[in-house]
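The values are calculated or read from the model by the stated rules, or taken from the named source; none is laboratory data. All figures in this text were calculated on a predicted structure; none of them were measured in a lab. Heads up, the Cβs are rebuilt from the backbone with ideal geometry, glycines too, and the neighbour counts pull from every protein chain shown. Protein only, heavy atoms only, side chains kept; ligands, DNA and RNA dropped before computing areas. Shrake-Rupley method; radii C 1.70, N 1.55, O 1.52, S 1.80 Å.
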Amino acid sequence: MSNILVLVELSTAGNISRSAGELLSLASTLGTPVAVLATPHVAPGIVTELGSLGAQHVFLGQTETEPMLLLTPQVEALWQAVQKFRPSAVLASSTIDGREAAARLVARTEGVLLANAVAVRFDGERIVATNSVFGGSYSVESTAEGGLPIITVQSGVLEGRAPEVAAHVTVHHLTLNPEGSGVVEGSTAVVASSRPDLRTAGKVVSGGRGMGSKENFALVEELADVLDAAVGASRAAVDAGYVAQSSQVGQTGVSVTPELYIALGISGAIQHRAGMQTAKTIVAINSDEDAPIFDVADFGIVGDVFAVVPQLISAIRSRSQGSS
Amino acid sequence: MKIIVLIKQVPDTSEDRHLDSATGLLDRSSTEGVIDEVNERGLEVALQYKDSHKGTEVVALSMGPQGTSQALRKALSMGADAAIHLLDVNLSGGDAAWTSKALSAALKTTAFDLVVAGNESTDGRGGAVPAMVAERLSLPLLGSISAVDIHSTSVTGQREVESGTLSVRASLPAVITVTERSPEARFPNFKGMLTAKRKPVKTLSLADLSLDPSERSAAARSVVVSVAARPARQAGKKIFDSGTAGVELAEFLAAGRLL
Ligand SMILES: Cc1cc2nc3c(=O)[nH]c(=O)nc-3n(C[C@H](O)[C@H](O)[C@H](O)COP(=O)(O)OP(=O)(O)OC[C@H]3O[C@@H](n4cnc5c(N)ncnc54)[C@H](O)[C@@H]3O)c2cc1C
């Protein structure tokens, strides 16, 4: 079977990111998964963990601790691994890091970028990646001709898990030129949330400018918590400072496909709908009966969120008390 | 300081956008082209530096069909000093790798200290071309940053990634891409619109860049296999709250096993 390289991202705290499991699982359906990462610390725990996620080989590009170079080590590690493993495809997550590393590898290898895939398969000899265009309005399948396919994969759309294996490991010392690279001078980690992750959550409750203030936005969070849902937002709510930008749903934010999406005080601009219109069931509460969000809602309520939502929350609470 | 701002003309995101079902390429006839909003923010970053640093030159560079000149005119009326239009039939419909090759070749024709691009276009959404350009030109890349600060020999910014925020720096010359968290762009004023007409717009073809069109057909490339349009979503039930909508919604969710 041919080798499939997977770029493994590490968090600012050095942990393996969640996308690694999804990518290794996808890689195992295409060939032999090879995990590639760059780090100054060769911790044996990482190799075991990647093996448990399905990596047959781990290619570990070792860097100096200082200076901490921005993505250049990852690109170099991929480049070395491409030469060693002669893969038939490279997978990276469609994250900020994954996309930039993939793009730089395409330029370096004269390969082919297949961006934002939601599915990847072999069709005979050629690899075919599916991506979702214009907020799910189109589904486009593409293949790579004449070069190595380097594929960025949307996180949260893949299911399944590769069988656990004991990974072989190769440690390679990376030679890097700090002059030609961006440098990381400091970092702050995001505070881990106990709520479900927005990209993968089965339910999402989002709030918009109609929530009126950061204090009032707590109502969105309260409903999310009784439903065990992730919290989302419109760009206007992010711009107004009600919620962190990582919660933004839409064209320039996260795309979500949950079972249930509830939009509170969101008008439903086309750029917002681009990130949520593929949800299974959409509920909207908005005081303006002409708000475009109602055009995509399965259940629309013309009303005041501050009246409807508290009533909804107590109705859900009394139901769950009644049934338990 | 010379700053080159990469600009892409895209279909307006506030209208329905379409793909040609045969080629998978953008149907440019279906929507009005506008400067991608994030590129306007990139231009704003450059113009703010120019406002406070006399002698700064800001050049807008765009690759695209004939109509792209409108986007460049707008950039000039906002305050850019000059524009370069990369225009050639053999560029149309090119994938990210080919586009980055042409842009890199165009950048080689001119000296610069900083290239400012957007983190991701609203049509392609690949977020790849500027990174490819940086790699081809062997320049440092600071991607997806906000709070950009340009200094005489370096550039810094904040990079928000999934796991946190990084403070990043690169020495010049460098390539940066800004996110939509960068300040909103200014509007062209009347004086800007008048002077824009007198500012230089240079058109470059592949021949001017010594790029051979046959290189494109020989090069590795992405090829569309199929295009399928998804049916538009239908509106469902809509009720007016008369005091019990919250309870009705709870019933709807329970009936759909969504509680
Ligand atoms: C290039 C580009 C990219 C963009 N990307 C995104 C994106 O990723 N995500 C995104 O969301 N937007 C995006 N936008 C912005 C988008 O165009 C809209 O401006 C934004 O979605 C509006 O957010 P909103 O619905 O919260 O605010 P508004 O449009 O102001 O709507 C607020 C709504 O709240 C309702 N309301 C007010 N009070 C109440 C109440 N008490 N009870 C019930 N309803 C109430 C109002 O009727 C109104 O419909 C983008 C725009 C551009 C140009």
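Structure values in brief
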quantity	calculated
Failed condition for A:Met276, given (1) within 9 Å of chain B (Cβ to nearest Cβ); (2) more than 8 Å from the ligand (Cβ to nearest atom)	(1)
Test for B:Leu139: is it open to solvent by less than 20 Å² (accessible area, probe 1.4 Å), within 28 Å of A:Thr109 (Cβ to Cβ) and of a type outside the set (Lys, Arg)	no
Restricting the range A:279-314 to residues that are within 13 Å of the ligand (Cβ to nearest atom) and either assigned to a loop (DSSP other than H, G, I, E, B) or outside the structural domain of A:Gln251 (by TED's automatic domain parsing) (or both), the residue that is most open to solvent (accessible area, probe 1.4 Å)	A:Asp290
Residues being more than 14 Å from A:Val165 (Cα to Cα) and under 19 Å from the mean Cα position of the chain (by Cα) - total across the range A:28-57	2
Enumeration of residues in the range B:106-150 that are more than 13 Å from every other protein chain (Cβ to nearest Cβ) and either of a type in the set (Lys, Arg) or farther than 19 Å from B:Ser182 by Cβ (or both)	B:Ala106, B:Leu107, B:Lys108, B:Thr109, B:Thr110, B:Ala111, B:Phe112
Within the range B:122-159, tally of residues that are in contact with a helix residue (DSSP H, G or I) (Cβ under 9 Å, 6 or more places away or on another chain) and modelled with pLDDT under 95	4
In the range A:1-28, the residues that are out of contact with any strand residue (DSSP E or B) (no Cβ under 8 Å at 6 or more places or on another chain) and within 13 Å of chain B (Cβ to nearest Cβ)	A:Asn15, A:Arg18
Answer residue from the range A:244-278, given it is among the β-branched types (Val, Ile, Thr) and touching a Leu at 6+ places or on another chain (Cβ under 9 Å) and is surrounded by the fewest Cβ atoms within 10 Å (Cβ to Cβ) among those	A:Val254
Residues within the range A:118-162 that are within 11 Å of chain B (Cβ to nearest Cβ) and among the aliphatic types (A, V, I, L, M), tallied	9
Residue selected from the range A:182-217 under the condition away from chain B (no Cβ under 12 Å), in contact (Cβ under 8 Å) with a residue 40 or more places away in the chain and more than 16 Å from the ligand (Cβ to nearest atom), by the criterion least open to solvent (accessible area, probe 1.4 Å)	A:Ala201
Number of the exception - A:Asp225 against (1) open to solvent by 10 Å² or more (accessible area, probe 1.4 Å); (2) within 15 Å of the ligand (Cβ to nearest atom)	(2)
Residue ranges of strands (runs of 3 or more DSSP E) in the range A:16-100 with at least 1 members open to solvent by 40 Å² or more (accessible area, probe 1.4 Å) and assigned by TED's automatic domain parsing to the domain that holds A:Val153	A:57-62
Strands (runs of 3 or more DSSP E) wholly inside the range A:136-181 containing at least 3 residues that are in contact with a helix residue (DSSP H, G or I) (Cβ under 9 Å, 6 or more places away or on another chain) and open to solvent by less than 60 Å² (accessible area, probe 1.4 Å)	A:149-153
Test result for B:Ala80, farther than 22 Å from B:Ala131 by Cα and surrounded by 18 or more Cβ atoms within 10 Å (Cβ to Cβ)	yes
The listed residue being under 27 Å from A:Ser193 (Cβ atoms) and not basic (Lys, Arg), out of B:Ala218, B:Ala147, B:Ala185, B:Ala207	B:Ala147
Checklist (1) in a loop (DSSP other than H, G, I, E, B); (2) modelled with pLDDT of 95 or more; (3) surrounded by 12 or more Cβ atoms within 10 Å (Cβ to Cβ) applied to B:Leu211, failing item	(2)
Qualifying residue in the range B:157-171 (condition: crowded, with 24+ Cβ neighbours inside 10 Å, more than 9 Å from chain A (Cβ to nearest Cβ) and without any contact (Cβ under 8 Å) to a residue 60 or more places away in the chain)	yes
Every residue from the range B:162-190 that is in a strand (DSSP E or B), over 14 Å from the mean Cα position of the chain (by Cα) and of a type in the set (Ser, Thr, Tyr)	B:Thr165, B:Ser167, B:Ser171
